[in-house]
Amino acid sequence: MQREEEAKRARQEQAFRGKLQAQLFFAILKADVEQVKFILSKGVCMEAKTDSGATPLMLAAGVGAVTVCETLLEKGASLEAHDHVGATPLILAAFKGQTAAVERMLGSPAAEAAGKAHLLACQTQRGETALMAAAKMGHVATVKVLLKAGAPVDAVAAGEGCATACMMACHGNRTEVVQVLLQHGANPALADACGKTPLMYAASQGATAVLVAKVGKQLLDCRDSNGRSALDVACSSGSVELVTWLMEQGVGELELVADSGVSPLFTAVMGGHVALVDMFLAKGARLEVRDAKGRTPLAWAAAHGKTAMCSFLINKGADLLATDHKAQVPRQLAHQHGHRDTSHFLTEAARSQLCQQ
């Protein structure tokens, strides 16, 4: 009987503690510091976690409840705890752009005890630091605070292919963040595990890409592990602004008029970027240039199902009946690759031309 009573009391105590813990989480989300203090006075576990693995300090940091953060830190909350993805309170606050919370945590005695350099170097399971989290989300003010505190600007994220904060910001088109990182010494010459530089990450993003390109002009001809240059990436993604700027620097001029399938023209055609193709043709690219298989730009457009591109090229005078080395015309290539709508369009276009002759 005594054991049953003890077990019952234990269950009741556990239920009570669980209820208090839930109330603490709710009070934190409401930034109700007095309620938080009251619940903590009941002996609630400071490091108990939510279903996602967040501690009370992480919740407070994530919602920017600065006063609550201070209270929790005074009570001994850990700045080194991490959730299910490995994010610490500092990383979570940085990701959310909670600049004031980041400042308070870094300026706390707890941060001095743990070591600021250590906290700034902490990474998630994917290898992201607080600076990377803030940079990729475009939180300029938070990035500045982290850099001022000593965050390593060129740290690499092993779980993200060895990308840096600058690469992540470029990929997200975070122009202001990229500018701040470069001003603080971010190296535009660094490459990730695949050989991609910040410029290549930014190649589809226009203004950001030009910003990086101006800083690292010596990197314009660099290629990744797949042999792709910034011009290739920009053509593939249709970034007219960057392609224009690169060509003004003399990049790609020879390739554009060369009799080969590595021409930027083919890359733009394959991506379906009409504006780029129009620009290339105006700069001297030949409409009937052939690749190693004897295929023309129209054949490439057909093989990739780019019907609008086919229409554009035909209007420019592309030969509908030009054959490749296997005697295949564009219509046959479209059909062969399963692009029936494109094949039908080309068939009708050829029939229309024959009727007009």
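The values are calculated or read from the model by the stated rules, or taken from the named source; none is laboratory data. Because the structure is a prediction, the values reported are computed rather than measured. When we count neighbours, we look across all protein chains shown, and the Cβ atoms used for this are built from the backbone with ideal geometry, even at glycine.
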Problem set entry | Test: A100 is surrounded by fewer than 20 Cβ atoms within 10 Å (Cβ to Cβ) and either among the small types (G, A, S) or part of a loop (DSSP other than H, G, I, E, B) (or both) | yes
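In region 267-308, which residue that is assigned to a loop (DSSP other than H, G, I, E, B) and aliphatic (A, V, I, L, M) is surrounded by the most Cβ atoms within 10 Å (Cβ to Cβ)?
Once the filter is applied, the top-ranked residue is A285.
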Exercise. Given the conditions (1) crowded, with 18+ Cβ neighbours inside 10 Å; (2) touching a Gly at 6+ places or on another chain (Cβ under 9 Å); (3) not β-branched (V, I, T), and given that G127 satisfies all but one, which numbered condition is not satisfied?
Worked result: (1)
Problem set entry | Pair list, Cβ under 6 Å, 6 or more apart: region 187-202 residue in a loop (DSSP other than H, G, I, E, B), other residue hydroxyl-bearing (S, T, Y) and surrounded by 18 or more Cβ atoms within 10 Å (Cβ to Cβ) | L190/T164; A191/T197
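I need the full set of residues from region 142-154 which are hydrophobic (A, V, I, L, M, F, W, C) and either surrounded by fewer than 16 Cβ atoms within 10 Å (Cβ to Cβ) or under 18 Å from L79 (Cβ atoms) (or both), in order please. Before you say what the answer is, go through the steps one by one.
Narrowing region 142-154 to residues hydrophobic (A, V, I, L, M, F, W, C): 143, 145-147, 149, 151, 153.
If the condition is that a residue be hydrophobic (A, V, I, L, M, F, W, C) and either surrounded by fewer than 16 Cβ atoms within 10 Å (Cβ to Cβ) or under 18 Å from L79 (Cβ atoms) (or both), then V145, L146, A149, A151 are the ones that fit.
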Exercise. What do you reckon, is L346 in contact (Cβ under 8 Å) with a residue 40 or more places away in the chain and touching a Pro at 6+ places or on another chain (Cβ under 6 Å)?
Worked result: yes
Problem set entry | Some residue of region 223-244 being in a helix (DSSP H, G or I), in contact with a Pro (Cβ under 7 Å, 6 or more places away or on another chain) and outside the structural domain of A268 (by TED's automatic domain parsing) | yes
For this session: Could you figure out which of (1) within 17 Å of G64 (Cα to Cα); (2) free of Cβ contacts under 8 Å to residues at least 12 places away in the same chain isn't true of G115?
Result: (1)
Exercise. Based on what the data block shows, is L72 surrounded by 18 or more Cβ atoms within 10 Å (Cβ to Cβ), part of a helix (DSSP H, G or I) and in the same structural domain as K116 (by TED's automatic domain parsing)?
Worked result: yes
Exercise. Going by the structure shown, is L182 assigned by TED's automatic domain parsing to the domain that holds E160, at pLDDT 85 or above and of a type in the set (A, V, I, L, M)?
Worked result: yes
